[in-house]
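Shown next, in structure tokens, is the structure this report addresses.
Every number here is computed from the coordinates shown, using simple stated rules; none is lab data. All of these numbers come straight from a predicted model, not from anything done at the bench. All Cβ positions, even for glycine, are placed from backbone atoms using ideal geometry, and neighbour counts span all protein chains on display.
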């Protein structure tokens, strides 16, 4: 049997074990019984199987990386993708782009499909990939880098993000510096790590300036425009509404603008608004949006660099890299 026909699934069937067990044998894992290991190795030797991860790093093999995102239409994802593609062109890497969700997918089948296709690695923007699913890729020597994961992943994997805590602190510091003390926070999903970090930065700023934390001013939600509409409406209906809002995504800030216009409010005369992300959305609002910019293009480039480094070294990495945020002051904020 030739190597091309000898898939991981075929080896597993011949040895009467799971594909995960074959992957463990290939990667030298010690959590496989000796008798099972010998049986699997006999089949591997008989069919001449070579792990796809090892084929990928051979000098003659082309480099092909998958970029997977749940919502490619967002300005956030498009900026990250631009960084991936631009660096890929420099490094001689072809980037395959797909819009799909990890939810509901069998991670073993997904990982095996990429391994059989000889993919160099995977860059992910997703809210559903957990550590157990990521191990399916690691077992097959497929480097994966997750960009700003919404759900927590353990320390055994590589992720790239921004300094969300510092960015949240800077946004609140900016508003406090303008004289605001009634500052609301419109956040993302409560379990999202980036939301938690931005919220804690905001809270740290309030406490550092001896400003009381008002629970009614803190509204988690989603990173969608509609969340900004709902949050703004809820805040403006309070007996004492805020004078400023820190929206934890530019898309949320756009929703704030929408609801403000519906109520006949003028930004920043009636309320100051700060966003987060630094996407093109902030340049299209009237007035232009003050925002905490993430280095999105650089995050994409860094993610691809880390994938290629892992593939070249043959080692799966284990760390988080954070890139610095920057406050961009525009016309949506003013002093009281």
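Quick notes
- Pair residue 335, residue 73: separation of 7 Å Cα→Cβ label points (nm): 4.3 nm
- Relative contact order of the chain, defined on C-alpha pairs under 8 angstrom at six or more residues apart (%): 19 percent
- Pair-distance distribution of the stretch 81-136: all C-alpha pairs, bin width 5 Å, starting at 0; shares per bin in whole percent are 4, 15, 26, 24, 17, 11, 2.
- FRET efficiency for residue 213 and residue 13, using Cβ-Cβ distance with R0 set to 56 Å, rounded to 0.05: 0.40
- Converting the Cα gyration tensor eigenvalues of the stretch 95-245 into ellipsoid dimensions via √(5λ) gives semi-axes, longest first, of 39, 16, 11 Å.
- Shape category assigned to the stretch 59-153 from the gyration tensor of Cα positions, a/c cut at 1.5: oblate
- Here r is the Cβ-Cβ distance between residue 238 and residue 286 and R0 is 30 Å; the resulting FRET efficiency, rounded to 0.05, is 0.75.
- DSSP beta bridges fully contained in the chain are about 10 percent antiparallel.
- When the alpha-carbon atoms of the chain are used, the pair Rg, Dmax equals 23.7, 78 angstrom.
- Between the helical axis of 225-236 and the longest alpha-carbon principal axis of the chain there is an angle of about 30 degrees.
- Taking 0.36 nm per residue of separation and subtracting the Cα-Cα distance, full extension of the segment from residue 38 to residue 116 would add 25.7 nm.
- Between helix 34-47 and the chain: long-axis angle, C-alpha atoms, 0 to 90°, nearest 10: 80 degrees
- Between residue 321 and residue 91, the FRET efficiency estimated from the beta carbon spacing at R0 = 22 angstrom works out to 0.80.
- Between the stretch 277-324 and the stretch 197-242, the Cα center-to-center distance that results, in Å: 25 Å
- Fraction in percent of alpha-carbon pairs per bin - 5 Å, the stretch 164-295: 2, 12, 25, 27, 22, 10, 2, 0
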